[in-house]
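Student: So that we are looking at the same thing, I have put the structure below in structure tokens.
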Amino acid sequence: MNKNNEFTLMSISPIDGRYSHQIDQEIKKINSEYGLIKYRVHVEVCWFIFLLSLDPIKKKFGINKNEKAYLTKISKNFNLKDALEIKEIEKKINHDVKSVEYFLKSKFNKHKTLKNKKELIHFCATSEDINNISYALMYSDSRKILLKKLNEVLGILKKHEKKYANTPMLSRTHGQKASPTTFGKELKVFSSRLKKQSLFMEKRSVYAKMNGAVGNFNAHHVVLPEIKWDIETKKFLSNLGLVQNTHTTQIENHDWLSEALNDICMISNILLDFSKDIWIYIMLDYIKQKKIKSEVGSSTMPHKVNPIDFENAEGNLEITVALSQSISKKLMVSRLQRDLTDSTVLRNLGVIYSHFYLSLTSLIKGMNKIELNIKKIDSDLNESWEVLAEPIQTVMRYYNVDNSYDILKEKTRGKNISHDSIIEIINECDLDNKIKNKLLNLKPKEYIGLAKKLAMKNN
């Protein structure tokens, strides 16, 4: 058996098993154990280079172009072999971040000048200093991938909403027949919501800290009090594209990350709403799915074309929401200045990003296969003359006809009304003939208000 296939079949998580090939490989590289180690190495290298640029450290140790190039190469060319070496060190010392330090020291020992500066690796830093920055960078890089995929969903939505902007459709409130709309306008509701939330996600600042054991720069201030550590670490974090969290304990308090997970949760809930609506439209036969010749719908009913893409999306979105809510809540709570309960939780961030990515992939696949069943949609509209009770009673109200609502309620509530019945109701109304004629010319298919305009309107 192929080793990769064996791994896939023996994986407990479907992320690494069944769905492995559907997930962007960069998400795996970023959020795996390998990814975490790689980011830790990168942060340690960046911190070392930054330190040696500061007076008086620069004056005492300095750093030249050759040394910078060597260090940059360690970070840039970090590979699986390096990660395995670090894991072997961890087996001996039972500390994941310290293993990175020892790995880097071994690399420094191979350089004729850097070997004399190796004690400045991990200088004044705690494990949390390195970890919180690593996770912040991991989120930033994952966000780019997720937003790109989300924009694909939005692109397809926009294509459909413009195509069907003027396609009348019977709407439903409480599951019952309601005033007509257009399919394009209903899609516009979702794209508008998604666009708003995606902008929140995109613009969310990513925070980090580099301030030592309890957040006060204690060791920094003892060894080098002349350095304005709060200002300099702010510069360091800014160079990495991060915003400094000034007031922390030993841990970065994760408030921003909880908010970022809530962004994903909000978007996922909107997409859940969308997936369920599309599922219902398919059930109502308003939407047809393009058949893929090689696919099987049911193991026993050959006629079926099941809405599996939207169901898969729904399932993955439910998991995304559940994990996002749970982890978001947990990350904001830590005993006194530090406990380790966030460590295991943080390692599951990639699981959230993966399920979210899977749901977007399923939605893209499903949305590219749908087309409207205009014949069925028109048929339902033409058999639903009772929906005109709303405009009739509204016109009657305007012209001060007593008990307008109650009159229409008596004649239409809970009834299937024919065109002839509507004509009869209108003719019985105490209205001017000119107004009556206006109502008599009204059809369910035409009773869509500004739906077309709203569907075509930019957010």
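Student: Which semi-axis lengths, in whole Å and largest first, follow from the square roots of five times the eigenvalues of the Cα gyration tensor of the chain? Before the final figure, lay out each step's value.
Tutor: Details: eigenvalues 746, 134, 57 Å².
For the chain, the ellipsoid semi-axes come out as 61, 26, 17 Å.
Student: A follow-up question, please. Going by C-beta contacts inside 10 Å, put Cys124, Cys429 in order with the fewest on the left. Each step should come with its number before you reach the end.
Tutor: Values: Cys124 22, Cys429 19.
With the fewest neighbours first, Cys124, Cys429 line up as Cys429, Cys124.
Student: Hey, fewest Cβ within 10 Å first, where do Ser275, Ser343 land in order? Display every interim value, and only then the final one.
Tutor: Values: Ser275 26, Ser343 13.
Placing the least packed residue first, the sequence is Ser343, Ser275.
Student: Filter the chain for me: DSSP H helices, axial length by Cα at least 24 angstrom, mean Kyte-Doolittle hydropathy not below 0.5. List them by residue number. Please list the in-between numbers first.
Tutor: Working: long enough: 33-51 (27 Å, 0.78); 127-163 (54 Å, -0.55); 183-203 (31 Å, -0.54); 255-283 (42 Å, 0.66); 308-331 (34 Å, -0.01); 349-367 (27 Å, 1.03).
Span-like helices, by this rule, are 33-51, 255-283, 349-367.
Student: Turning to a different aspect of this structure: Find out how many positive minus negative residues lie around Ile319, taking Lys and Arg as positive, Asp and Glu as negative, among other residues whose Cβ is under 15 Å from that of Ile319. Walk me through the numbers before you get to the answer.
Tutor: On the way: positive: Arg18; negative: Asp16, Glu311, Glu314, Glu318.
Every neighbour counted, the sum reads -3.
Student: Ok, one more. What residues qualify as long-range amide H neighbours of Ala178, i.e. H under 5 Å apart, gap of 5 or more or another chain, H built at 1.01 Å from N?
Tutor: Under 5 Å from the amide H of Ala178 lie the amide H atoms of Ser171, Arg172, Thr173, each far enough along the sequence or on another chain.
Student: In what sequence, highest mean first, do 322-335, 200-213 appear when ranked by Cβ atoms within 10 angstrom? If you can, show how the numbers build up before the last one.
Tutor: Numbers: 322-335: 16.6, 200-213: 19.1.
The peptides rank, most packed first, as 200-213, 322-335.
Student: Moving on to the next point. I want the local charge near Lys228. Using Cβ-Cβ distances under 12 Å, sum +1 for each Lys or Arg and -1 for each Asp or Glu among the other residues.
Tutor: On the way: positive: Lys234, Lys235; negative: Asp55, Glu226, Asp230, Glu232.
Neighbour charge sum, excluding Lys228 itself: -2.
Student: Can you give the calculated 222 nm mean residue ellipticity of the chain, where each DSSP H run of n ≥ 4 adds -39,500 (n - 2.57) and the sum is split over every residue, rounded to the nearest 500 deg cm²/dmol? Numbers along the way, then the final one.
Tutor: Numbers: 21 runs with 282 residues, N = 459.
That comes out to -19500 deg cm²/dmol.
Student: Please give, to one decimal in nm, the separation of the simple spin-label points placed at Lys438 and Lys115, each 7 Å out from Cα toward the Cβ.
Tutor: According to this spin-label approximation, the distance is 9.4 nm.
Student: Next question, about the same structure. Between the range 394-423 and the range 129-163, what is the separation of their alpha carbon centroids in Å?
Tutor: The distance from the Cα centre of the range 394-423 to that of the range 129-163 comes to 50 Å.
Student: Of all beta bridges DSSP finds with both residues in the chain, what is the antiparallel percent, to the nearest 5?
Tutor: Taking every DSSP beta bridge within the chain, about 80 percent pair in antiparallel fashion.
Student: Pop the C-beta distance of Ser326 and Asn458 into the FRET formula with R0 = 35 Å and round what comes out to the nearest 0.05.
Tutor: Working: r = 37 Å, r/R0 = 1.05.
For R0 = 35 Å, the calculated efficiency reads 0.45.
Student: Measuring from label point to label point, each 7 Å out along Cα→Cβ, what is the Leu84 to Glu318 span in nm?
Tutor: Here the modelled spin labels are 4.0 nm apart.
Student: Sticking with this one: Assign one of three labels to the range 383-447, namely rounded, prolate or oblate, based on the Cα gyration tensor with a ≥ b ≥ c the square roots of its eigenvalues; rounded applies when a/c is under 1.5, prolate when it is not and a/b is larger than b/c, and oblate otherwise. Display every interim value, and only then the final one.
Tutor: Working: a/c = 1.70, a/b = 1.20, b/c = 1.42.
Judged from the Cα gyration tensor, the range 383-447 comes out oblate (a/c at least 1.5, b/c at or above a/b).
Student: Give me Ile133, Ile251 ranked fewest to most by other Cβ atoms within 10 Å of their Cβ, as a rough exposure proxy. Intermediate values should be presented prior to the final figure.
Tutor: Details: Ile133 28, Ile251 23.
With the fewest neighbours first, Ile133, Ile251 line up as Ile251, Ile133.
Bear in mind these aren't lab numbers, they're just calculated from the coordinates by the rules spelled out. This structure is a prediction, so every number in the text was calculated from the model and none was measured. We place every Cβ from the backbone using ideal geometry, glycine too, and count neighbours over all the protein chains shown.
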